[in-house]
Amino acid sequence: MENALIISDSPKATDFYRDFLKQNGYDEFTIAQNGEEAKRILTSREFALCIINTPVFGSHAENLAIDIAEKNICQVILFVKTDFYESISERVEDFGVITLEKPISKKLFWSALKLTRVTAKRLEMVQNEVKKLKKKLEEQKDISRAKCLLIEKEGLSEEEAHRHIEKNAMNQRVSRREIALQVIEYYG
């Protein structure tokens, strides 16, 4: 189940995007007719994909695309007229925005959708790795803090503090972090 935000003030274009996405595995759609409405929607929901059909009433579409790409996890596809494609594409590509020319080639649109899915999967893998590393870093911070407290309050060497934490973790059959948190609570 994938969802998409379609930003378009053209009912005909909105119908086209919705139908095409529905044929390609997207099952939930939210429509915004301008940039401000889209930004409000994005404050309360996450989307797998954001389609921006230019021009967008009351917004500079490329600025909107950059803003969405910087502040959200969703993949962004910006549709622009052929005349503006080169300049806009050049401006937004460093922010991870995929730019496609109008009139739309269904084959190119399909390829872009596949690319967004692959990119989203890769991004998800990176995010999971970052979460693991953050958890590991927090664990290390707590253990280091506990060691410092043992060195300061008990007069242990760093090696003795390390052994103290490891030995108690093994004896109590808990993680080193749990022992570290007990030390921090006791002395903190």
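The values are calculated or read from the model by the stated rules, or taken from the named source; none is laboratory data. This is a predicted model, so every value here is computed, not measured. As a convention, Cβ positions derive from the backbone with ideal geometry for all residues, glycine included, and neighbour counts pool all protein chains shown.
Observations on the model:
- Some residue of segment 62-71 being of a type outside the set (K, R), in contact with a Cys (Cβ under 9 Å, 6 or more places away or on another chain) and over 17 Å from E101 (Cα atoms): yes
- Options R163, R145, R122, R176: the member that is within 30 Å of F47 (Cβ to Cβ) and not assigned by TED's automatic domain parsing to the domain that holds N72: R122
- Qualifying residue in segment 84-96 (condition: surrounded by fewer than 16 Cβ atoms within 10 Å (Cβ to Cβ), more than 24 Å from K39 (Cα to Cα), among the acidic types (D, E) and modelled with pLDDT of 95 or more): no
- Screening M1 with (1) surrounded by fewer than 20 Cβ atoms within 10 Å (Cβ to Cβ); (2) at pLDDT 90 or above gives one miss only, at (2).
- For segment 4-27, filtering for residues that are without any contact (Cβ under 8 Å) to a residue 60 or more places away in the chain, surrounded by fewer than 21 Cβ atoms within 10 Å (Cβ to Cβ) and among the polar types (S, T, N, Q) leaves 3.
- Selected residue (only one of T30, T43 is modelled with pLDDT of 95 or more, more than 16 Å from E93 (Cα to Cα) and surrounded by fewer than 17 Cβ atoms within 10 Å (Cβ to Cβ)): T30
- Total residues in segment 13-37 satisfying the condition of being among the small types (G, A, S), within 22 Å of S105 (Cα to Cα) and within 24 Å of the chain's Cα centre (by Cα): the figure is 1.
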